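Below you'll find the structure, written out as C-alpha cells, and then a few comments.
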Amino acid sequence: MARERSTYRCQECGLAAAKPGTCPDCARVGTYVQLVEERVALARGVARAGVTSSRPQPIREISVGDGGHRVSSGMAELDRVLGGGVVTGSLVLIGGDPGIGKSTLLLQVSRMLAERAGPVLYVSGEESAGQVKLRADRLGPSPVDLYFVAETDLQAVEAHVAAIQPRILIVDSIQTVYLPGLESAPGSVSQVRECGARLMTLAKGQGIATFLVGHVTKEGAIAGPRVLEHLVDTVLYFEGEQHHAYRVLRGVKNRFGSTNEIGVFEMGERGLTEVRNPSGFFLAERPKGAAGSVVVASLEGTRPLLVEIQALVAPAGFGTPRRTVLGADYNRVCLLLAVLEKRVGFPLQSQDAFVNVAGGARVAEPAADLGLVLAAASSYLDRPLRGDLVVVGEVGLAGEVRAVTGLETRLKEAAALGFTAAVVPQSSLTDRGSHPLDVQGVGSVDEAVKVLLGS
Ligand code: TYD
Ligand code: MG
C-alpha cells in the first residue's frame with residue numbers, strides 16, 4: 001500500500017529526518033534551522049523524464065562535439081573566473097546576498113552574449129518586464145536577440161526555450177521558479193533541487209549555457225543554493241560590502257577551470273564596470289607614512305592582489321581589551337596578537353586593537369599574517385613602516401615566519417605598482433632567482449619587528 005510519507009527536511013542543507021526539530025547538522029555550525037515538513041510522494045520520476053538511454057564507449061573514441069566550446073562573455077573579469085569563457089551546455093550557479101548586484105551582472109552579460117553568441121533568454125521571477133526594461137535602458141540600448149520573460153512556472157520556461165531556442169538561458173532566481181507537480185513551496189529544498197535537475201537536463205541536452213541566480217540567506221527559511229552545488233558545473237559567489245562600490249566574483253567550484261579565481265567589479269551609476277587593476281584600486285587612498293598601515297601582497301587563485309591592512313592599537317580603558325576586526329578572520333587576528341605579545345614581548349593585554357582591511361577588501365590567506373602582525377606592532381610603537389614596502393609571510397605560533405607559495409607572482413605585482421622593497425619569509429628565498437624588488441628574508445616575527453621598526 002503506497003501511503004504518502006512525510007519527511008522533515010532542513011531548508012538550509014537538505015538533511016532529511018523522520019521527526020521535526022532543529023537540524024543537527026546546522027546546529028553544529030551555529031545556526032538553528034527548523035526542519036520543515038515536506039511531502040515527497042510526487043517528487044520522484046518528474047525530473048527523470050527526457051533522459052536518453054546511455055551506452056558506454058571507449059573514452060578515446062568519444063568526440064567532444066560542441067561541448068567544451070567557449071565564447072567570451074565580453075567581460076574579461078567574468079571570463080577569467082569561468083576559466084576562459086562561457087562553455088556551451090554548462091550550468092553556472094551565481095550565489096550572493098540580496099542586493100549585491102547579481103541581476104545587474106547577468107543583465108549586462110546577457111546583452112553582450114546576445115551580440116556574440118546568439119539568442120539569450122532572461123527569465124526573472126523577481127522583477128517585472130517594466131523593471132528590467134528600466135534597468136536595461138540605464139545600461140544603454142539593448143540588442144535584438146535579448147529576450148525577457150517574467151515567469152516562475154518552470155514548465156512554461158521550458159516551452160519558451162523550445163520556442164526561442166536560446167544559446168544562453170538565465171534564471172533569476174532558482175528560488176522563485178517552481179514545478180507545479182511538486183507540493184512544496186517555491187524555494188524549498190525539493191523545489192530547488194528538482195528545478196535544478198530539470199534545468200541541467202535542458203542545458204546538457206540542448207547545449208544551452210545556463211546561469212542560475214541563488215540567494216544566500218543567513219539563517220535561511222528559504223533553501224540555500226548549497227543543495228545545488230554538487231549538481232552544477234560551476235559555482236560562483238558574488239561578494240562585497242554593501243557600502244563599498246567594489247564587488248568580487250569568486251569561483252568556488254569549476255569543472256572547466258581552476259577555482260579560487262576572482263574577478264573584480266565596481267558598482268556605479270551605469271551598472272558594473274570591470275576593475276582591471278584591483279591592487280591600484282584598493283591602494284588608491286593609502287595614507288603615506290602612517291603608523292599601523294602595511295601593504296600585503298596576497299594571492300587570490302593565480303591572481304596577485306595588493307591590499308592595505310590598517311591596525312590601531314591604543315591603551316585600553318577598564319576591563320577586557322577590545323578586539324575588532326573587519327576584512328580578516330577574527331580568530332586569526334587574536335592568535336597573531338597573542339604571538340606578538342608572547343614572542344616579541346609587547347604587553348597587548350592592556351591595549352585595545354582594531355584591525356581593518358582598507359577599501360572593504362578581504363584577506364583570507366595565511367600569507368597576510370606577517371602584514372597583520374606588523375601593522376599591529378607599527379601602531380603600538382607609533383612608528384610607520386617605509387611606504388614603498390610590501391610584506392608577505394605566514395606566522396606560526398612559535399613566532400616563526402613560514403614560507404608562502406607564488407612569491408614571484410606577488411613580487412612582480414608589487415613591482416608593477418611601484419613598490420621597491422619587500423619583506424618575505426627567509427625560507428621562501430632558497431631559489432636564488434633575481435627579484436624585481438629589494439627583497440629581505442626574515443625568519444621570525446621578532447626579527448621582522450627589529451629589522452623594520454627598530455625595536
Ligand atoms: P541587483 O542586481 O538588483 O542585486 P541582486 O540581483 O543581487 O539582488 O542590484 C541591486 C543594487 O545595485 C541596488 O542596490 C542598486 C545598485 N545598482 C547601482 O548602483 N547601479 C546600477 O546601475 C544598477 C543597475 C544597480
Ligand atoms: Mg536580483
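Observations on the structure shown:
- Restricting Ser293, Ser298, Ser279 to residues that are in contact with a Lys or Arg (Cβ under 7 Å, 6 or more places away or on another chain) and closer than 30 Å to Leu381 by Cβ narrows the list to Ser293.
- Taken as a whole, the structure leaves Gly84 outside the set of residues that are touching a residue at least 60 places away in the same chain (Cβ under 8 Å), more than 19 Å from Met200 (Cα to Cα), within 12 Å of ligand 1 (Cβ to nearest atom) and under 18 Å from the mean Cα position of the chain (by Cα).
- Residue in the stretch 182-205 that is in contact (Cβ under 8 Å) with a residue 24 or more places away in the chain, within 16 Å of ligand 2 (Cβ to nearest atom) and part of a strand (DSSP E or B) present: no
- When the stretch 367-407 is filtered for residues that are at pLDDT 95 or above and hydroxyl-bearing (Ser, Thr, Tyr), the ones remaining, listed by number, are Ser378, Ser379, Tyr380.
- Checking each residue in the stretch 87-109 for being over 27 Å from Pro141 (Cβ atoms) and within 16 Å of ligand 1 (Cβ to nearest atom) picks out Leu93, Gly95, Gly96, Asp97, Pro98.
Yes/no matrix, rows are residues, columns are (1) among the charged types (D, E, K, R); (2) at pLDDT 75 or above; (3) over 29 Å from the mean Cα position of the chain (by Cα); (4) assigned to a loop (DSSP other than H, G, I, E, B):
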residue: Ala27; (1), (2), (3), (4): no, no, no, no
residue: Glu38; (1), (2), (3), (4): yes, no, yes, no
residue: Arg55; (1), (2), (3), (4): yes, yes, yes, yes
residue: Val64; (1), (2), (3), (4): no, no, yes, yes
residue: Gly67; (1), (2), (3), (4): no, no, no, yes
residue: Glu77; (1), (2), (3), (4): yes, yes, no, no
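- Qualifying residue in the stretch 110-130 (condition: within 13 Å of ligand 1 (Cβ to nearest atom) and assigned to a helix (DSSP H, G or I)): yes
- Scanning the stretch 225-241 for residues that are over 15 Å from the mean Cα position of the chain (by Cα) and not hydrophobic (A, V, I, L, M, F, W, C) returns His230, Asp233.
- Qualifying residues in the stretch 79-91 (those that are closer than 13 Å to Thr259 by Cα and surrounded by fewer than 24 Cβ atoms within 10 Å (Cβ to Cβ)) - the one farthest from ligand 2 (Cβ to nearest atom): Gly84
- Counting only strands (runs of 3 or more DSSP E) wholly contained in the stretch 253-303, the ones carrying 2 or more residues that are under 29 Å from Thr420 (Cβ atoms) occupy 262-268, 293-300.
- Matching residues, the stretch 94-119, being more than 14 Å from ligand 2 (Cβ to nearest atom) and within 25 Å of the chain's Cα centre (by Cα): Arg111, Met112, Leu113
- The lone criterion from (1) within 16 Å of ligand 1 (Cβ to nearest atom); (2) modelled with pLDDT of 90 or more; (3) more than 18 Å from the chain's Cα centre (by Cα) left unmet by Ile168 is number (1).
- Matching residues in the stretch 131-162 - criterion: being within 15 Å of ligand 2 (Cβ to nearest atom), part of a helix (DSSP H, G or I) and in contact (Cβ under 8 Å) with a residue 24 or more places away in the chain: Val132, Arg135, Ala136, Arg138
- On the stretch given as the stretch 180-217, residues that are within 16 Å of ligand 1 (Cβ to nearest atom) and small (Gly, Ala, Ser) total 2.
- Gln175 satisfies every condition listed in (1) more than 16 Å from ligand 2 (Cβ to nearest atom); (2) buried (at least 23 other Cβ atoms within 10 Å of the Cβ); (3) assigned to a loop (DSSP other than H, G, I, E, B) except (1).
The values are calculated or read from the model by the stated rules, or taken from the named source; none is laboratory data. Computed from a predicted model, the values in this text were never measured in an experiment. Neighbour counts run over all protein chains shown; Cβ positions are idealised from the backbone, glycine included.
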